[in-house]
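The values are calculated or read from the model by the stated rules, or taken from the named source; none is laboratory data. These figures come from a predicted structure and were not determined experimentally. Note that each Cβ is placed from the backbone with ideal geometry, even for glycine, and that neighbours are counted across all protein chains shown. Just so you know, the surface numbers come from the protein's heavy atoms only, side chains and all, with ligands and any DNA or RNA stripped out. Shrake-Rupley method; radii C 1.70, N 1.55, O 1.52, S 1.80 Å.
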Amino acid sequence: MDRTQVHASSGVERSFDQSETIVSKTDLKGRIIYANEPFIRISGYEEKELLGEPHRILRHPEMPRCVFKLLWDRVASGQEIFAYVVNRCKNNDFYWVFAHVTPSLNNEGKVTGYHSSRRLPDREVIRTTIEPLYEKLLGIEKSHSNAKEGMLAASAALTEILGEQGVSYDEFIFSL
């Protein structure tokens with residue numbers, strides 16, 4: 001059953017049951033080729049509205065571009081990644097997920113697309129760690145008139161933050 005709560009900066013937050021997994025698959029260009037029932041229900045889109053569309057249809061404006069760049073760079077190179085992501089629903093509600101994104105490989109080991117399984121994240125981790133971090137990264141991105149320069153500056157800031165903590169991105173994510 002969906003639960004909702006008001007989020008000061010974005011309107012209504014949607015949630016989903018802790019036992020559910022949101023699943024989608026995309027082609028190499030990030031176009032959705034599969035969406036399971038929880039994904040369709042939570043996003044508010046009909047399946048026919050999602051299939052063939054770029055996954056960025058769900059991109060929330062409060063999600064730092066530098067985190068997406070890290071995610072796509074990692075999976076395009078054949079590696080998996082875990083990330084906290086805020087998505088936007090069709091009606092502009094939003095929902096947080098803890099995503100595990102992996103490349104889909106053919107028999108020769110070539111990347112043919114991407115698979116994402118998303119779980120309900122710990123709200124306390126989102127509130128105390130992820131939202132403040134993403135707010136900082138977004139501030140850096142928005143402080144540049146050129147979007148690419150902003151994304152690169154925020155990526156550098158994320159690298160610096162992790163370096164100051166003496167952890168890799170993966171170590172940071174799994175420490176939460």
What does the charge count around residue 176 come to, taking other residues whose C-beta lies under 15 Å from its C-beta (Lys +1, Arg +1, Asp -1, Glu -1)? -2
Selected from 114, 30, 133, residue furthest toward positive end of dipole (the chain; charges at beta carbon): 30
Accessible area in the full protein assembly, largest first, 1.4 Å probe, for 143, 155: 143, 155
Top of 139, 109, 52 by mean-square fluctuation, Gaussian network on the chain, Cα under 10 Å: 109
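Could you tell me what fraction of 2.2 N^0.38 Å the Cα radius of gyration of the chain comes to, as a two-decimal ratio?
1.02
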Keeping all protein chains in position, work out how much accessible area residue 171 exposes to a 1.4 Å probe, and write it in Å² to the nearest 10. 100
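Nearest 500 deg cm²/dmol is fine: what mean residue ellipticity at 222 nm does the chain get from its DSSP H runs of n ≥ 4 alone, each adding -39,500 (n - 2.57), divided by its residue count?
Rounded to the nearest 500, the figure is -10000 deg cm²/dmol.
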To the nearest 10 square angstrom, what accessible area does residue 93 show with a 1.4 Å probe? 30
Mind telling me which of 156, 99, 76 comes out most flexible in a GNM of the chain, alpha-carbon contacts under 10 Å? 156
Keeping all protein chains in position, work out how much accessible area residue 31 exposes to a 1.4 Å probe, and write it in Å² to the nearest 10. 100
With the 1.4 Å probe rolled over protein heavy atoms, the stretch 1-151 has an accessible area per residue in Å² of 53
Distance from the stretch 122-176 to the stretch 41-102 (C-alpha centre basis), Å: 17
Order of exposure, largest accessible area first, which applies to 151, 63 with probe 1.4 Å: 151, 63
